[in-house]
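Participant: Pasting a structure here, questions to come.
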Amino acid sequence: RGNAPRVVSTWDFGIGANAAAWKTLAAQGSALDAVEAGARWAEADLCNSTVGRCGYPDRDGVLTLDASIMDGDGRCGAVAAIEDIAHPISVARKVMEATPHVLLVGQGAQDFAISQGFKKTPLLTDDARKAWQEWRKTSNYAPRVNAERDGKPGDKSNHDTLGILAIDAHGRLAGACTTSGMAWKLRGRVGDSPIVGAGLYVDGDVGAATASGVGEEMIRSAGAFLVVEFMRQGKSPAAACRAAIDRIVAKRPQASKGVQVCFLALNKLGEVGACALQDGFVYAVCDGADAESNVLTKSTS
Ligand code: SD4
């Protein structure tokens with residue numbers, strides 16, 4: 001493929017994220033700028049209830065956001081359980097570039113964001129508040145395996161994260177991951193998305209991986225890191241994702257039955273692969289500006 005740029009993203013909203021990222025890649029921009037632009041698009045998207053400003057809250061009705069970003073040189077930054085900041089991915093990037101740290105959480109993450117010029121904005125939408133009030137009637141925490149995005153109020157996904165990976169015209173890799181986490185989670189719960197090695201990992205010599213699904217499984221398995229390590233051993237992205245899924249099932253055969261775990265990977269040659277524990281995972285692959293160059297692909301499971 002030479003150094004043809006490519007960007008890949010989780011789920012059907014990955015099409016929009018890819019399109020936003022492509023503008024950067026097409027202008028010879030960096031993979032890092034591209035994945036941030038794609039993640040920002042998803043964070044601003046008013047149609048999804050699982051990332052950014054329209055996300056569903058925790059069991060106390062508070063929306064908390066998690067995000068991470070990483071490049072091929074091992075630079076990374078993340079925020080977890082940040083409140084009232086519309087673009088956690090850009091705060092994560094600031095953590096990476098303007099602090100000696102990797103991960104800021106909660107109030108400290110918000111204070112840092114404000115110190116960097118981010119505005120505090122109440123984010124919980126009416127739709128999300130209504131869904132939470134409806135959920136409280138049963139207060140049953142039971143993550144769906146996959147989203148049912150049929151647009152009916154109260155029938156949206158209670159999870160699904162944007163994971164986005166890119167390779168630019170210079171062959172540089174980067175990745176980003178952004179989410180509101182599992183809807184109705186315990187207050188203070190943090191998933192895999194802001195944990196480097198769990199929800200996102202990038203090694204410029206090998207490739208990049210990201211995850212979506214029930215984050216506890218990816219944290220237990222160091223999932224994204226595991227996928228990259230399998231690629232380092234010579235596996236294709238698809239085979240590496242499958243090997244990581246197999247590992248999760250082998251370690252916890254009973255516990256992994258009813259949950260969704262999805263991995264998406266891109267290697268330094270620009271090859272893409274994915275694997276999910278359950279049916280239903282889709283991802284978007286983009287090589288160009290027109291619609292035919294930005295297509296949704298069904299993952300194997
Ligand atoms: C989390 N992995 O917070 C995220 C949520 C997600 O599909 O991606 N669900 O656990």
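Participant: State the cysteines of the chain left without a partner when partners are defined as other cysteines whose beta carbon lies under 4.7 Å away.
Facilitator: Those would be C47, C54, C76, C177, C262, C286, since no other cysteine Cβ in the chain comes under 4.7 Å of theirs.
Participant: Further question on the same structure: Using per-residue counts of other Cβ atoms within 10 Å, averaged over each peptide, order 208-216, 43-51 from highest down.
Facilitator: The densest-packed peptide leads the list: 208-216, 43-51.
Participant: Stretched out fully, how many nm does the piece from A142 to R247 gain, at 0.36 nm a residue minus the Cα gap?
Facilitator: Residue separation times 0.36 nm, minus the Cα-Cα distance, leaves 35.4 nm.
Participant: Give, in nm to one decimal, the length gained when the segment between D205 and C47 is fully stretched (0.36 nm per residue of separation minus the Cα-Cα distance).
Facilitator: 53.3 nm
Participant: Taking every alpha carbon pair in the chain, what does the distance histogram look like in 20 angstrom bins from 0, in percent?
Facilitator: Here the calculated profile for the chain is 39, 57, 3.
Participant: Which of the peptides 120-126, 70-76, 26-32, 285-291 is most tightly packed, and how do the rest follow, going by the mean number of other Cβ atoms within 10 Å of each residue?
Facilitator: Listed from highest to lowest mean packing, they are 70-76, 26-32, 285-291, 120-126.
Participant: Quick one: net charge of K120's neighbours, Cβ under 12 Å, K/R +1, D/E -1?
Facilitator: Net local charge, K120 excluded: -2.
Participant: Calculated from DSSP H runs of 4 or more alone, at -39500 (n - 2.57) each and per residue, what is the 222 nm mean residue ellipticity of the chain, nearest 500?
Facilitator: -9000 deg cm²/dmol
Participant: If you don't mind, another one. Quick one: dipole size for the chain, taken about the Cα centre, charges +1 on Lys/Arg Cβ and -1 on Asp/Glu Cβ, in debye to the nearest 20.
Facilitator: 620 debye
Participant: With r defined as the distance between the Cβ atoms of A289 and E97 and R0 fixed at 25 Å, what FRET efficiency is calculated, to the nearest 0.05?
Facilitator: For A289 and E97, the calculated efficiency is 0.30.
Participant: With the contact rule set at Cα under 8 Å and sequence spacing of 6 or more, what percent relative contact order holds for the chain?
Facilitator: Relative contact order of the chain: 23 percent.
Participant: Figure the gain on full extension for D127 and K298 (residue separation times 0.36 nm, minus the Cα-Cα span) and round it to one decimal in nm.
Facilitator: 58.7 nm
None of the figures in this text is laboratory data; all of them are computed from the coordinates on show. These numbers were taken from a predicted model, which means no experiment stands behind them. Cβ sites come from the backbone with ideal geometry, for glycine too, and all protein chains shown count toward neighbours.
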